[in-house]
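Notes to accompany the following structure.
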Amino acid sequence: MTDKTQRIAEILAAHRNQEGPLLPILHDVQEEFGCVDDEAERLIAAGLNLSRADVHGVVSFYHDFTPKADPRPEVQICRAEACKARGVEKLIDKATKAAGDRVHIATVYCLGLCSVGPAARVGDTLHARLDEKALVHVIEDAR
Amino acid sequence: MIIRISDDAAARALGADKLAEAFAKQGHEVQRTSSWGMHWLEPLVEIDGRGFGPATVDDVAAILDGSSDKAIGLIEEHPFIARQQRLTFARAGKTRPLSLEDYAATGGWTGLRRAREIGSEQIIEEVLRSGLRGRGGAGFPAGIKWRTVAAAAGPKKYIVCNADEGDSGTFADRMLMEGDPYALIEGMAIAGEAVGADRGYIYLRSEYPDAIRKMEAALRLCAHIIAPFQCEVRVGAGAYVCGEETSLLNSLEGKRGEVRAKPPLPAIQGLFGRPTVVNNVLTLAAVPHILGEGGANDYEGLGMGRSKGTMPIQLAGNIKHGGLFETAFGITLRELIEDIGGGTQSGRPVKAVQVGGPLGAYIHPDQFDIKFDYEEYTAADALIGHGGITVFDDETDMSSMARFAMEFCAAESCGKCTPCRIGAVRGVEVIDRIRAARGSADSIARKRDVVELQPVMHNAPKDNGRLPEQEIALLTDLCETMKFGSLCALGGFTPYPVMSALRNWPEDFVRGDGRVVDLVLDKANA
């Protein structure tokens, strides 16, 4: 048994007693491997007695699950209405430049910091009231 | 000295943790409380009821020796707080979120205790009497939903809390879960008592890491109090549409978050086909107060018309004094934005206000006398939704906001129904063409392409192309189709921001004064 098979079997076992366990399982797999790839889909499908199509359908539906791991650090920038009203669009060019190939800039719709935007998230850390300088700083610090 | 600093996500995103550390280093006791909701002052430091904000690490010394210029005086007497009627957010700023001691000392668990004494029928009676309506957006009377579930037959029933607060401009659910998690849990336990359910799920969006952590910790700490009721947090996966109750249920079951056709209502066949109460965070959190002694009558005594009680309104976007403002229904937009919000953050004139999140209408300053009430908003072709108010200044291009509404719908559509899945994509294209025609020299919005001009394309018109007014008529027609043909509010309400932007700011869509748009809209209405 490979490490991955072993780890996914453990994740499946940990959620055995839950009702409707697929989403919590996918979150754990995504967290562990940085993606839910074909192999993981197959193993999860077998473990839950679902068809692979069922699992793939769910994986591809949600923005949080990705088919390929991205080794770059991710900076999520909110570009929903409230952050737009506070000028996030003017920061995007500079942010993209600062990110270059090293950092992945992702768009997120709302971090719930709508009164203190523009806002960004790196891992579980949130940043608000960002101006150009602060956002570039967040991106350069992202690991 | 006891220093109180919020550990709400907004305060932490603005450096509250570092600030707390700096005070602790000076040898002071730092208590992390919930947020008062005055976000423009975050991080707000509280010493003996007096506030200092927005504070940075550099202000620590001055705050301690009393010379800081960031003093705002007694927090409770600050006009922003003094003008509110806080019921759901009664504890905001005052208690430590995870302290069971603080919760019990401020009246916590009395609603649940009383609910257990009076029993199912009486609980539902009191919730009905309070006039509490669903705070998620639809405004459906909570008591009627509960009565339906209570009456439904079945050995297993569920309480599901919709904490998938995806609307931009809203953060009340997040603040409540981070600031007063036990209130939500108590509300769910009371709902369980009312309908005969012993299992609850909180469907919480993955974009709220702090709220997830707090709710999970709170559930562990109070499990013995709410037992035999059991509750669990389930984390969403970045799909906006899962805030719609039937797609939320599918997601909880581990399926694609596709909308279900109604009927059957979730109250009859909900989670795993069982009778299920699906209520928003604010609805459930309002319940403990209502179930307190005389709470239902108090609640019913507030508000206007059929909108009873209080609404936690969220002031967001380009506003000077942004934050949480809970007040009885009936307040006007003008009061909220000008008196309480202090106008725009940028200091420029207000151009538009979007109420109710990405699916809410853009309201023109001419309509600011509209009162906060479900029925008044419906009559004005707008919606209250989750109570979020996003302010835009005069630099905003409303046609780009209309385009974004369609773009957002296309990105977040679950794909089940055609008007939403395809309509939103076509909507972006039409608005793009209208915008392009505004900026180009010739006034044709859409030229016929080569294929259309082929002789075999019998039905395609062979003229020069569509004029902007024809494109606007097309957009209007598309919005009608989406509004009446979509399965849920995502496709059904996206026309609100689009059409309100078009109607109120036609000059942002076409060249000149926009009279063309009026003509098209009049014709469509005739």
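With a point put 7 Å past each Cα toward its Cβ, work out how far B:THR106 is from B:ASP381 in nm, to one decimal.
So the label points at B:THR106 and B:ASP381 sit 4.3 nm apart.
Starting from the Cα gyration tensor of the stretch B:244-398, take the square roots of the eigenvalues, sort them a ≥ b ≥ c, and report rounded, prolate or oblate (rounded when a/c is under 1.5, otherwise prolate if a/b is larger than b/c, else oblate).
The shape class here is oblate.
Can you spot the lysines whose alpha carbon is less than 26 Å from B:LYS262's alpha carbon? Ignore those fewer than 8 places along the same chain.
Straight-distance partners of B:LYS262: B:LYS145, B:LYS156, B:LYS157, B:LYS416, B:LYS483.
Taking amide hydrogens as modeled 1.01 Å from N in the peptide plane, which residues meet the under 5 Å criterion relative to B:TYR201, leaving out close sequence neighbours?
The answer is B:ILE159, B:VAL160, B:CYS161, B:GLU232.
Ignore the peptide's own chain and count Cβ atoms of other chains within 10 Å of each Cβ in A:82-95; give me the average, rounded. Don't jump to the answer; show the numbers that get you there.
On the way: counts 19, 5, 9, 20, 12, 5, 0, 2, 0, 0, 0, 0, 0, 0.
Shielding by partners across A:82-95 averages 5.
If you average the alpha carbon positions of the stretch B:464-526 and of the stretch A:73-101, how far apart do those two centres end up, in angstrom?
Value for the Cα centre distance between the two parts: 30 Å.
Which of B:HIS386, B:GLY427, B:TYR374 sits closest to the plus end of the dipole of the stretch B:372-453, meaning its Cα is farthest towards the positive end, when Lys and Arg get +1 and Asp and Glu get -1 on the C-beta?
The listed residue farthest towards the positive side: B:GLY427.
What is the Cα centroid distance between the stretch B:340-361 and the stretch B:22-87, reported in whole angstrom?
Their Cα centres are 26 Å away from one another.
How many partner chain Cβ atoms sit within 10 Å of a residue's Cβ in peptide B:161-169, on average, as a whole number?
4
Over all Cα pairs of the stretch B:398-525, how is the pair count split among 5 Å bins, expressed in % and running from 0 up to the last occupied bin?
2, 12, 20, 21, 18, 14, 9, 3, 0
Provide the net charge surrounding B:GLU300, with neighbours chosen by a C-beta distance below 13 Å and charges set as Lys +1, Arg +1, Asp -1, Glu -1.
Values: positive: B:ARG129, B:ARG133, B:ARG306, B:LYS308; negative: B:GLU125, B:GLU126, B:ASP298.
Around B:GLU300, the surrounding residues sum to +1.
Mind running the shape call on chain B? Use the C-alpha gyration tensor, a ≥ b ≥ c as the square roots of the eigenvalues: rounded below 1.5 for a/c, prolate if a/b tops b/c, oblate otherwise. Please report the intermediate quantities before stating the final value.
Working: a/c = 2.12, a/b = 1.39, b/c = 1.52.
In terms of gyration-tensor shape, oblate.
What is the calculated FRET efficiency for B:ASP369 to A:THR5, with r their C-beta to C-beta distance and R₀ = 60 Å, to the nearest 0.05?
0.40
For a test of the definition: using alpha carbon positions, the gyration tensor, and the 1.5 limit on a/c, classify the protein assembly as shown as rounded, prolate or oblate.
Numbers: a/c = 1.35, a/b = 1.22, b/c = 1.11.
The shape class here is rounded.
With +1 assigned to the C-beta of every Lys and Arg and -1 to the C-beta of every Asp and Glu, and no other charges, what is the dipole magnitude of the stretch A:78-143 about the Cα centre in debye, to the nearest 20?
80
Quick one: give the max-minus-min coordinate of the C-alpha atoms of the stretch B:2-82 along each principal axis, largest first, in Å.
Projected onto the principal axes, the Cα atoms of the stretch B:2-82 cover 33, 27, 19 Å.
Roughly how crowded by other chains is peptide B:200-207, in terms of the mean Cβ count from those chains within 10 Å of each of its Cβ atoms?
Working: counts 0, 2, 0, 1, 0, 4, 6, 11.
Mean number of neighbouring Cβ atoms from other chains: 3.
What percent do you get for the relative contact order of the stretch A:64-143 when only Cα pairs under 8 Å and 6+ apart count?
Answer for the stretch A:64-143 is 38 percent.
Charges only on Cβ, +1 for Lys and Arg, -1 for Asp and Glu: so what's the dipole of chain B about the Cα centre, in debye to the nearest 20?
Computed about the Cα centre, the dipole is about 1560 debye.
Setting aside same-chain residues fewer than 8 positions from A:LYS133, which lysines have a Cα under 30 Å from its Cα?
A:LYS84, A:LYS90, A:LYS94, A:LYS97, B:LYS18, B:LYS25, B:LYS70, B:LYS320, B:LYS351
Return the long-range amide H neighbours of B:TYR362 (sequence gap of 5 or more, or a different chain), with a cut-off of under 5 Å between placed amide H atoms.
Residues meeting the criterion, in which the H sits 1.01 Å from N, are B:SER500, B:ALA501.
Need one number: nm distance between label points at B:ALA138 and A:GLU89, each 7 Å from Cα along Cα→Cβ, rounded to one decimal.
3.4
Got a sec? Which residues in the stretch B:206-248 would a label at A:GLU74 touch, if it sits 7 Å along Cα→Cβ and we count backbone N under 16 Å?
Inside the label zone: B:206-210, B:235-240.
So what is the relative contact order of chain B, in percent, for Cα pairs below 8 Å that sit 6 or more residues apart? Before the final figure, lay out each step's value.
Working: 1086 pairs, mean separation 67.9, N = 526.
Relative contact order here is 13 percent.
Each reported figure results from applying straightforward, stated rules to the coordinates on display, with no laboratory input. All figures in this text were calculated on a predicted structure; none of them were measured in a lab. Cβ atoms come from the backbone with ideal geometry, glycine included; neighbour counts cover every protein chain shown.
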